[in-house]
1. How big is D, in µm² s⁻¹, for the range 135-231 by Stokes-Einstein at 4 °C and 1.567 mPa s if Rh is the Kirkwood radius over C-alpha pairs?
2. Using the basic label-point model (7 angstrom from Cα toward the beta carbon), what is the R116 to V47 distance in nanometres?
3. How many angstrom lie between the C-alpha centres of the range 220-254 and the range 306-324?
4. Based on the alpha-carbon gyration tensor of the range 341-408 and its eigenvalue square roots a ≥ b ≥ c, which shape applies: rounded if a/c is under 1.5, prolate if not and a/b is larger than b/c, or oblate?
5. Kindly provide log₁₀ I(q)/I(0) values, in the same order as q = 0.09, 0.12 Å⁻¹, from the Debye equation applied to equal alpha-carbon scatterers of the chain.
6. Any idea what Rg and Dmax come out to for the range 256-320 if you just take the C-alpha atoms, in Å?
7. Using the basic label-point model (7 angstrom from Cα toward the beta carbon), what is the Y429 to S244 distance in nanometres?
8. Calculate, in whole percent, how much of the Cα-Cα pair population of the range 78-207 lies beyond 19 Å.
Amino acid sequence: MPPADTGASVVIARSDASTASSLQLSRASRASRESDSASASADTRLVPGGPGYRRMSFALFAAGVATFALLYSTQALLPAISGGLGVTADQASWTVSAATGGLALAVVPLSALSERYGRRATMTAALCVAALLGLMVPFAPDLGWLIALRAVQGAALAGVPASAMAYLAEEVRPKALIGAIGLFVAGNAIGGMVGRILAGWVAQAWGWRAGLCAVGALAVVCALVFRLMIPKARHFTPSTVSASSLARTLRTHLTDPLLCRLYAIGALFMTVFGAVYTVIGYRLAEAPFSLPQGVVGSIFLIYLVGTASSAAAGKLVGRMGRRGALYLAVGTTAVGLLLTVTSSLTAILAGLVLITAGFFAGHAVASSSVSRAATTGRAQASALYQFAYYAGSSVGGTLGALAFRAAGWDGTVVLGLLALVAAASITLYATHRAAVQRRLLIAAARR
């Protein structure tokens, strides 16, 4: 008998070993996929296409509509309020700043209450109280009463934004979180648009008080829709928040450099947005444009751009990263501001489109980053962001009106550009810090 072919035996052995190894890898991969599938099926949080996600999205969309429609209900009517009550632009602007300031002051305490009584209950109560106040605001006898009622209304609305962000963080799977928050922010954009347009056209026909009544009625409908559609919270655990524990949580968030940067960016973006949209009505109502109240209110159709840009924020972050998306938002807003300096109505409208797109994209990225960065006390982390955000709106509206009174529209634009430079500087600093940390990690790995 001839001797066996040892080379062939080795080849066969290696082939058998390779086949066995491939089978083991295939089985391990299949087991891993099955494990991931089982883990995903065990995760009862909401996901696009899953049960309850559409109802949740529609309910929070309605909450966003009501919140922004009420919060900025007087903004498109400022020229009419100035004429009706005989006050200046900066005095009338307090009807907007008081509401956003009231929200900023109340958002942290109400977020703490949501830890005890639940996000769903807090949002429901906030919307109902704010909507009822919306039916009372039109009957304010003078500017003082109007500002006071608007401040209380803003404080009531404070229960919605921070609770909504915390609700989404608890009830939606992480991969779908930015998209879900984008839809809520889109509801804000729609509310801001519909409320202003509705108020503007109704005011042109029947006066500014009737315009505010119409917005109040819209908010009542949205509050009912929210209550009927919002799914019950399945991942909320009630907890009693004492003053000392709340102070500790707030201190933890306020000493976190990343969160503080996000808070500052949100405030600066909103300073620009608040200044522009508080004053734009006065500019368009004056010569050389002299647009009627209904047309001025229709300018807020541009908010549809904000709906698209906020909803697309997740894809933008996926392509450019969070800091890249913020740079793009700052640049887009700055270009829009510069376009509005011209005397061409077409250029002004194009500028408002860019300002709106940049603002809502930046807001969606910053707010979702807060929910992602905070591992504990999410409601308080979101509340602090909302505080900074609406404080920026209040400051921006007041300073924008004062700048307009002192130096015209150019003064408002300069204010906005300064705020954007500050936002870009903060983002640039974060980029530099990230690069330094990356180099340190690489150096440590080589040792």
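The values are calculated or read from the model by the stated rules, or taken from the named source; none is laboratory data. Bear in mind that the values here come from a model prediction, so they are computed numbers and not experimental data. FYI the Cβ positions are ideal-geometry reconstructions off the backbone, even for glycines, and counts take in every protein chain you see. Quick note on the areas: whole protein, heavy atoms, side chains included, nothing else; ligands and nucleic acids left out. Shrake-Rupley method; radii C 1.70, N 1.55, O 1.52, S 1.80 Å.
1. 85
2. If labels sit at R116 and V47, their model points lie 3.7 nm apart.
3. Their Cα centres are 26 Å away from one another.
4. Values: a/c = 5.95, a/b = 1.85, b/c = 3.21.
Taking the square roots of the gyration eigenvalues as a ≥ b ≥ c, the range 341-408 is oblate.
5. Debye intensities relative to I(0), on a log10 scale: -0.58, -0.97.
6. 16.4, 49
7. 3.4
8. Numbers: 4779 of 8385 pairs.
Roughly 57 percent, rounded to a whole number.
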